[in-house]
Amino acid sequence: MHPKALLDACADLVRLVLQFEHPADAVVSRYFREHRSLGPRERATLAETAFAVLRKKLLFEQLARSGSGGKERKLAILGFFGPRDFLAAALNDTEKQWLATCDAIPADALMAPHRHNLPEWMAQALQAQLGEDFWALAEHLQQPGTLDLRVNMFQAKRSDIQKELAQAGIPSKVTPYSPWGLRLEGKPALQKTDAFTRGAIEVQDEGSQLLALLVDAHRGEMVVDFCAGAGGKTLALGAAMRSTGRLYAFDVSGHRLDALKPRMARSGLSNVHPAAIAHERDDRVKRLAGKIDRVLVDAPCSGLGTLRRNPDLKWRQKPQAVQELTEKQQAILQSASRMVKSGGRLVYATCSVLPEENELIAQAFSAANPDFVPLNVAQELERLKVPDAASLCSPAPSGDANPNALPAGTFLRLWPHRHATDGFFAAAWVRK
């Protein structure tokens, strides 16, 4: 495609994603369906340009106030993903000069919102937690996320898959914490590899793998993945159980569970039972009261831990919606806990970085349910042979005067800038 035509297409896609009527990845997919003649390289340029604009929206919109031409075109020029000489071929002299001026602005000359590119309410919430460390997080949230794979240990060994992928021209490194993970450079065409088609690998962030690991599901157990979605963690649990026992994948969205079925078929697991439920108090849930060995509640949340992959979320999510989510999270956790049998384990997890969806929910649950004893997650991960487990867990709240201060390592707390994963939280309990 000619550079000018590709830049026009980028501007068109930027206009569509900035309407925020649908998730950005859905808008991009639809655009590709409507423009089937686009090649893989053009698709990559279009998608990455649109996501770059979403990641640095406040800065790019500020810069786009100067210069000539339409706003979306200027945003697409600033976020353009591809060689600079290719982009230059699409620009007139005035645009080239304007872009050079924009490029020359030093980062320390920018106002805070144009450096962090977050809505003010979100920036304040994160700054309150992280202090100066906030700027390192903000920088990481403006980069694309890594591509992590989980090796299906029911089918294969990690070292064998690593060699197989290398032979297919896909180099990888083992993930630093998860015993199941491989981290890739760039975005290779995995769907075409034999390892993918036979179910030996699944795309799954290392942080998400650690949540499944923390459930510590064993052969022959009864396990429930309560908000299973498309089933990434379900499949990890099924492999840990060596396809024995019974693993229920519950979700209120039958549509999301449908996405699990082809993955399940590839994985070779026969112990997974997907079931759509009407709500957290569904009869299916009631029938399992006190019978389940392990329950994972990967609760619906703001998703703000995934901003590297879903940068549109920061502009679509609102504080009011987070407040409504916390009420839902409490109700779901309480309901799911009834299924846990005596001596069984309950894990609550989110891909959020906000305390009100994380620590506050876990502490409120502990206070209301004295028959659930909190597990020290750092010690548990150490027992499961996760390297440097203490560094993955939130420190004890500061100040010895607090009588309710929890011991260090009580919760799993993963951050993009510290652990190179998405932002995740987990708490775990054992029922007396």
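When the stretch 274-304 is limited to residues that are part of a strand (DSSP E or B) and in contact (Cβ under 8 Å) with a residue 60 or more places away in the chain, the one that is nearest to the chain's Cα centre (by Cα) turns out to be Asp298. Filtering the stretch 256-272 to residues that are open to solvent by less than 20 Å² (accessible area, probe 1.4 Å) and either in a strand (DSSP E or B) or free of Cβ contacts under 8 Å to residues at least 12 places away in the same chain (or both) leaves only Val272.
Here's the yes/no breakdown for (1) modelled with pLDDT of 95 or more; (2) at negative phi; (3) among the hydrophobic types (A, V, I, L, M, F, W, C):
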site	(1), (2), (3)
Phe154	yes, yes, yes
Pro171	yes, yes, no
Pro176	yes, yes, no
Lys187	no, yes, no
Val224	yes, yes, yes
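Evaluated against (1) of a type in the set (S, T, N, Q); (2) modelled with pLDDT of 95 or more; (3) exposed (fewer than 15 other Cβ atoms within 10 Å of the Cβ), Thr350 falls short on exactly one condition, (3).
Scanning the stretch 69-92 for residues that are farther than 15 Å from Thr49 by Cα, open to solvent by 60 Å² or more (accessible area, probe 1.4 Å) and either of a type in the set (A, V, I, L, M) or in a loop (DSSP other than H, G, I, E, B) (or both) turns up just one, Asn92. I'm checking my understanding of the structure. Among residues of the stretch 1-41 that are of a type in the set (Gly, Ala, Ser) and over 25 Å from the mean Cα position of the chain (by Cα), which one is surrounded by the most Cβ atoms within 10 Å (Cβ to Cβ)? Filtering first and then ranking leaves Ala11. Which numbered condition trips up Ala212, out of (1) of a type outside the set (Asp, Glu); (2) open to solvent by 10 Å² or more (accessible area, probe 1.4 Å); (3) at pLDDT 95 or above? Single failed check for Ala212: (2). Screening Thr193, Thr244 for residues that are open to solvent by 40 Å² or more (accessible area, probe 1.4 Å) and not acidic (Asp, Glu) leaves exactly one candidate, Thr244. On the stretch given as the stretch 146-182, residues that are open to solvent by 20 Å² or more (accessible area, probe 1.4 Å) and in contact (Cβ under 8 Å) with a residue 60 or more places away in the chain total 7.
Can you say whether Ala100 is among the small types (Gly, Ala, Ser), without any contact (Cβ under 8 Å) to a residue 40 or more places away in the chain and surrounded by fewer than 16 Cβ atoms within 10 Å (Cβ to Cβ), as far as the supplied structure shows? The answer is yes for Ala100.
The residues listed here are Ala299, Ala276; of these, the one that is at pLDDT 95 or above, buried (at least 18 other Cβ atoms within 10 Å of the Cβ) and among the small types (Gly, Ala, Ser) is Ala299.
The values are calculated or read from the model by the stated rules, or taken from the named source; none is laboratory data. It should be emphasised that the depicted structure is a prediction, and the values quoted were computed from it without experimental measurement. Note: ideal-geometry Cβ built from the backbone for every residue, glycine included; neighbour counts use all protein chains shown. Please note that ligands, DNA and RNA were not included when accessible areas were found on the heavy atoms of the full protein model with its side chains. Shrake-Rupley method; radii C 1.70, N 1.55, O 1.52, S 1.80 Å.
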